[in-house]
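Enquirer: Structure provided below as structure tokens; questions to follow.
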Amino acid sequence: MSSVAEDVAAAEPEPTAATRDLLRLMRTGAIDETIARELGVSLRTVHRRITRLQTLLGARSRFQLGVIACEQGWV
């Protein structure tokens, strides 16, 4: 079951503010637990959001996700 916030985020064009926050924290090298705590979400939600972004951008790894996000001007 998805939350209302996730439903709203899905309706907004990427990158959403939530996506930018996630990518910003990933860029710092923060571990997933820290990202979850900073965003106020569960670890599972962090993993789901990263996987969704990888699928959206066609990235095979988190590193590639970061590179593509930078190339797209998302970070």
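Enquirer: Is it true that Glu33 is modelled with pLDDT under 95 and assigned to a helix (DSSP H, G or I)? Break it down stepwise before answering.
Expert: On the way: modelled with pLDDT under 95: no; assigned to a helix (DSSP H, G or I): yes.
It is false that Glu33 is modelled with pLDDT under 95 and assigned to a helix (DSSP H, G or I).
Enquirer: Still on this structure, I have one more. Does segment 19-30 hold any residues that are part of a loop (DSSP other than H, G, I, E, B) and either of a type in the set (A, V, I, L, M, F, W, C) or surrounded by 15 or more Cβ atoms within 10 Å (Cβ to Cβ) (or both), and which are they? It would help to see each step written out before you state the result.
Expert: The first filter runs over segment 19-30 and keeps only residues part of a loop (DSSP other than H, G, I, E, B), leaving 28-30.
Within segment 19-30, Ala30 is the sole residue that qualifies.
Enquirer: Name the pairs: first residue in segment 13-34 and at negative phi, second residue aromatic (Phe, Trp, Tyr), Cβ to Cβ under 9 Å, at least 6 apart or on different chains?
Expert: Close Cβ pairs (under 9 Å, with a partner that is aromatic (Phe, Trp, Tyr)) amount to Glu14/Trp74; Pro15/Trp74; Thr19/Trp74; Arg20/Trp74; Leu23/Trp74.
Enquirer: Looking at segment 48-63, which of its residues are assigned to a helix (DSSP H, G or I) and more than 15 Å from Arg24 (Cα to Cα)? Reasoning before the result, please.
Expert: From segment 48-63, those assigned to a helix (DSSP H, G or I) are 48-57, 62-63; that's our starting set.
Residues satisfying the conditions are Arg48, Thr51, Arg52, Gln54, Thr55, Leu56, Leu57.
The values are calculated or read from the model by the stated rules, or taken from the named source; none is laboratory data. Quick caveat, the model's predicted, so the values are computed rather than measured. Reconstructed Cβ throughout: ideal geometry from the backbone, glycine too, with neighbour counts over all protein chains shown.
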